[in-house]
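Here is the structure we will look at, set down as structure tokens.
The values are calculated or read from the model by the stated rules, or taken from the named source; none is laboratory data. In this text the structure is predicted, and so the values were computed from the model without any measurement. Cβ: placed from backbone, ideal geometry, glycine included. Neighbour counts: every protein chain shown. Just the protein is used for accessible areas: all its heavy atoms, side chains included, with ligands, DNA and RNA removed. Shrake-Rupley method; radii C 1.70, N 1.55, O 1.52, S 1.80 Å.
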Amino acid sequence: MDSFRKDIVLLFSARIVRLFAYGFISVILALYLGATGLSPAEVGAILSATLIGDIFVSLWVTMIADRMGRKRMLLLGSLLMMLAGLVFLLTTNPLLITLAAIIGIVSPSGGEIGPFISIEQAALSQLIPDNKRTRLFGWYNLTGSFATATGALTGGWLASLLQVSGFGKLESYQWIMAGYALCGFFLLLLFIYLSREVEVPISAAITPGSTKTVIGLHSSKGIVFKLSGLFALDAFGGGFVVQSMIAWWLHLRFGIDESGLGALFFGANLLAGISALLATRLADRIGLVATMVYTHIPSNIMLCLVPLMPNLWAAVGMLLLRASISQMDVPVRQSYTMAVVAPDERSAASGITTVARSVGAAASPLLAGMLMANPLLFSAPFFVAGGLKITYDLLLYYMFENRKT
């Protein structure tokens, strides 16, 4: 039991460090790319490249993690995160930055990216009883949201402080990327101390009466593929309004600076984290699927209302109001995915559904950048995102409300 507790603490600590790093760069990432002289469409293209790279890295790592070792794959992910941060620090060459975005791990949204979450969820699911899974995932997402909030606040204020101290904008952003690489190093140290308990139990390595496929699934292929298609649609909509793009939109429309953006996303992520924890209580009452849908639709209506607000404070208020319920579906969605598959399919199932989200979101920042480059369509990403995500909610409810876990 002691090793179980130690592994849970290490996995939660890794989540905090990683999400702090993602929030740390999310406020300045699009600003950094713009400061190198790239156009809005080019910025969107590079942000899309980060998600495209995540597709291949995550799919490959999560499909082999249960066979090759979850700990080994987490260590590999940490090294890729360090690599990306160092390249962004050392060069502004668009080609090298794009390659680093594809091969390394960089989060344009401030949220999870890469193979980490899929492997961690699979490991956590076997370290605790099934009836405590949703609540644990609620705390898991709460700590991540708090870490992202703190990272966004720190990154925004640090960029402003460096610029006041005489650093140029681009140089201040590069220092922040150095911090991102350092977080990757700390992540590496944490994963080194994980025990054998995070690996697939020997008793669950082969499910009786089933044949393992090359993608790590057997009896749950059908439901995982259906969920993956729906999650891809949701992520495609969400990719139009990743945190970096919202920060850039607010900066261009209202002139809000890096410190103001950091404070805004600090508040938004705090509210999102609290909402994720509250979702576990609601799920106990009305069920997992209903919780996902009933909380997600109102948040997407609020998303569509953001560009209709008459001034900065009204837009900020709407974003914060949306944040207070926008993440309630996340721990529930994660728990539901773990509940409908066999123990030896969990890394693969989580990885495939996570990769499906990356596939769905890959083209969205590019399209959002192209829309924002047109003055008439500058705010269109909010409407497109909200409409697509509401469509996902309705389809999810129709297909899975009556399915038992």
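Summed over segment 105-135, the residues that are in a loop (DSSP other than H, G, I, E, B) and either at pLDDT 80 or above or more than 19 Å from the chain's Cα centre (by Cα) (or both) give a count of 4. Filtering segment 148-169 to residues that are of a type in the set (Gly, Ala, Ser) and surrounded by fewer than 24 Cβ atoms within 10 Å (Cβ to Cβ) leaves SER160, SER165, GLY166, GLY168. Selection within segment 362-396: residues that are hydroxyl-bearing (Ser, Thr, Tyr) and under 22 Å from TYR294 (Cβ atoms). The member of this set that is least open to solvent (accessible area, probe 1.4 Å) is TYR392. In the condition set (1) open to solvent by 40 Å² or more (accessible area, probe 1.4 Å); (2) more than 24 Å from SER160 (Cβ to Cβ), SER78 is compliant with all but (1). Of the numbered criteria (1) under 23 Å from the mean Cα position of the chain (by Cα); (2) in contact (Cβ under 8 Å) with a residue 12 or more places away in the chain, the one LEU189 fails is (2). Looking at segment 337-405, the helices (runs of 4 or more DSSP H) lying wholly inside it that each contain 2 or more residues that are among the hydrophobic types (A, V, I, L, M, F, W, C) and over 20 Å from GLY239 (Cα atoms) sit at 346-362, 380-400.
Residues that are of a type in the set (Ser, Thr, Tyr), within 22 Å of ALA263 (Cβ to Cβ) and not in a helix (DSSP H, G or I) within segment 153-195 comprise just one, SER165. Modelled with pLDDT of 85 or more, surrounded by 17 or more Cβ atoms within 10 Å (Cβ to Cβ) and either part of a helix (DSSP H, G or I) or out of contact with any Ser or Thr (no Cβ under 8 Å at 6 or more places or on another chain) (or both): does that describe LEU250? Answer is yes for this residue. Give the residues of segment 216-247 that are surrounded by fewer than 18 Cβ atoms within 10 Å (Cβ to Cβ), of a type in the set (Gly, Ala, Ser), more than 19 Å from ALA385 (Cα to Cα) and touching a residue at least 24 places away in the same chain (Cβ under 8 Å), sorted by residue number. The answer is SER219, and nothing else. Go through (1) at pLDDT below 90; (2) of a type outside the set (Lys, Arg); (3) within 23 Å of the chain's Cα centre (by Cα) and name the single condition SER160 misses. Going through the list (1) at pLDDT below 90; (2) of a type outside the set (Lys, Arg); (3) within 23 Å of the chain's Cα centre (by Cα), SER160 breaks only (3).
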